[in-house]
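Working notes for the structure below.
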Amino acid sequence: YVILTRGGADAHAFGLVRLRVSDLLKAIGVFVGICFLSIPIALAGRLVSTDGFVAGISIQLRPVSLILLVLVCITTGYREELFFRSYLLSELAPLGKIRAIAASTALFAIGHIYQGGLALLGTALIGVFLSLVFLRYRNAHVIALGHGLYNLAVVLIGATA
């Protein structure tokens, strides 16, 4: 709502564009990029931690549960990307690209601080990556779907670990 009311007719500046098939392919590329950044952090976390990879998650993958899980992960990807990349990067643009990326990434990472120090570092790397992708394509779908796919993969891996 805020993006649409602030962006007016120029919602494209916030990355609100029509979803195209090519966006899905780019989103898969974003997913792969996020995995590339996060896997070394996750492996480092396993080396320094005596706990399991993801503790306390138990999911029964019934069809309805899986559909709901996919919807929650994609929705979360959209919610975070619409705020941290689409809205904040666009609003902070007058500060300059590097400052805008730094500010939106810092807020994104702080929002994940409950996951620990290594996750904070990983989230910051992912935030910079997603910011750069957003600024390259100006397309919220690409980063939101890639982020949502990553969320889904993490939950599914954690549920089966």
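Within the stretch 103-115, the set of residues being in a helix (DSSP H, G or I) and either touching a strand residue (DSSP E or B) at 6+ places or on another chain (Cβ under 8 Å) or farther than 16 Å from VAL133 by Cβ (or both) comprises ALA103, ALA106, LEU107, ALA109, ILE110, ILE113, TYR114, GLN115.
Does the stretch 111-124 contain at least one residue that is open to solvent by 40 Å² or more (accessible area, probe 1.4 Å), at pLDDT 95 or above and out of contact with any Ser or Thr (no Cβ under 7 Å at 6 or more places or on another chain)? The answer is no; no qualifying residue exists. Can VAL17 be described as among the aliphatic types (A, V, I, L, M), open to solvent by 90 Å² or more (accessible area, probe 1.4 Å), out of contact with any helix residue (DSSP H, G or I) (no Cβ under 6 Å at 6 or more places or on another chain) and at pLDDT 70 or above? Spelling it out, it is not the case that VAL17 is among the aliphatic types (A, V, I, L, M), open to solvent by 90 Å² or more (accessible area, probe 1.4 Å), out of contact with any helix residue (DSSP H, G or I) (no Cβ under 6 Å at 6 or more places or on another chain) and at pLDDT 70 or above.
Check LEU37, LEU47 and return the single one that is in a helix (DSSP H, G or I) and open to solvent by 80 Å² or more (accessible area, probe 1.4 Å).
None of the others qualify; the one that does is LEU47.
So in the stretch 125-142, with the set limited to residues that are open to solvent by 30 Å² or more (accessible area, probe 1.4 Å) and in contact with a Leu (Cβ under 8 Å, 6 or more places away or on another chain), which one is nearest to ARG20 (Cα to Cα)? Only one residue tops the list, namely HIS141. Filter the stretch 55-92 down to residues that are open to solvent by 50 Å² or more (accessible area, probe 1.4 Å), among the hydrophobic types (A, V, I, L, M, F, W, C) and at pLDDT 90 or above and give me whichever is farthest from THR5 (Cα to Cα). If we take residues in the stretch 55-92 being open to solvent by 50 Å² or more (accessible area, probe 1.4 Å), among the hydrophobic types (A, V, I, L, M, F, W, C) and at pLDDT 90 or above, then ILE67 is farthest from THR5 (Cα to Cα). Exactly one residue among GLY52, GLY158 is at pLDDT below 90 and in contact with a Phe, Trp or Tyr (Cβ under 7 Å, 6 or more places away or on another chain), and that residue is GLY158.
The residues in the stretch 116-141 that are part of a helix (DSSP H, G or I) and in contact (Cβ under 8 Å) with a residue 24 or more places away in the chain can be counted, and the count is 18.
The values are calculated or read from the model by the stated rules, or taken from the named source; none is laboratory data. Just so it is clear, the model here is predicted, and its values are computed rather than measured. As a convention, Cβ positions derive from the backbone with ideal geometry for all residues, glycine included, and neighbour counts pool all protein chains shown. Areas reflect the complete protein model, heavy atoms only, side chains present, ligands, DNA and RNA absent. Shrake-Rupley method; radii C 1.70, N 1.55, O 1.52, S 1.80 Å.
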